[in-house]
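Everything below concerns the one structure shown next.
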Amino acid sequence: MAVIYLGLGSNQGHREQNIKKAIALLASHNVNSLQRSTIIETDPAGGPPQGKYLNAVLKAQTDLSPHNLLKHLKTIENQLGRFKAVSNGPRTIDLDILLYDRIFVNTPELTIPHPRMWQRDFVMIPLKEIAPDLGSIAFESKAGQS
Ligand code: ADP
Ligand code: MG
C-alpha cells in the first residue's frame with residue numbers, strides 16, 4: 001500500500017460537491033481516503049479569465065501503481081464532466097498526484113512529485129495543514145534544487 005497525496009481543484013459547477021464526489025469516486029477506484037484538508041477558495045493561477053477555485057489536498061492509500069493511479073484519476077475527471085479545453089482553463093475537477101510515498105517519477109505523462117506544487121499556495125497551504133512535516137521537507141528539497 002502506498003500513501004499518496006492528491007491535489008483537488010474545481011472552479012465550475014457545484015465546486016464543493018465536485019470535490020466531495022471525486023473523493024467518493026476515488027474509493028470505488030481503490031484509492032481510500034485517510035485525511036482531507038480544509039477546502040479553501042483561491043484565485044485562478046494563469047490561464048484565461050475564470051472563476052475562483054476551491055482546492056483541497058487528500059491523503060490516501062492505494063495499491064495502484066503511479067501510472068495506473070493517473071489513469072484512474074483521468075477516468076474520474078471524465079466521469080465528473082471535465083472536458084479538454086484550453087490549458088489552465090476552467091474545470092469541474094482537477095486531480096493531481098502530488099506525492100506517492102517518497103518515490104520520484106519522471107516520464108512524459110507523469111512527474112512525481114508534482115513539478116509545480118512548490119510554488120502553488122493552493123497546494124502548499126492545504127498540504128501543510130494535513131502533513132506539516134512533509135510540507136517543510138517539500139520546501140527544503142525545493143530550496144536544495146535552486
Ligand atoms: P494541470 O493539472 O497542470 O492544470 P492538467 O490537469 O490538464 O493540467 O494535466 C495535464 C497533464 O499533466 C495530464 O494529462 C498528465 O498526463 C500530466 N501530469 C504529469 N504529472 C502529473 C501529476 N503528478 N499528476 C497529474 N497529472 C500529471
Ligand atoms: Mg491536473
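Details
- Taking other C-beta atoms within 10 Å as the exposure proxy, D43, D133 rank D133, D43 from fewest upward.
- If you plug the beta carbon distance of H67 and L34 into 1/(1 + (r/R0)^6) with R0 = 22 Å, you get a FRET efficiency near 0.55.
- Based on every Cα atom in segment 1-70, Rg and the maximum pairwise Cα distance Dmax equal 13.1, 40 Å.
- Kirkwood Rh (inverse of mean 1/r, distinct Cα pairs), segment 43-104, angstrom: 13.4
- Per-residue packing, averaged as other Cβ atoms within 10 Å, sorts the ranges 90-101, 27-38, 116-127 into the order 90-101, 116-127, 27-38, beginning with the highest.
- Estimated Rh, the chain: Kirkwood, alpha-carbon pairs, angstrom: 15.4
- The charge dipole of the chain, taken about its Cα centre with unit charges on the Cβ atoms of Lys, Arg (+1), Asp and Glu (-1) only, comes to about 320 debye.
Laboratory data are not the source of any read-out in this text; all were calculated from the coordinates shown. These figures come from a predicted structure and were not determined experimentally. Every residue, glycine as well, gets a Cβ built from its backbone with ideal geometry; the counts of neighbours run over all protein chains shown.
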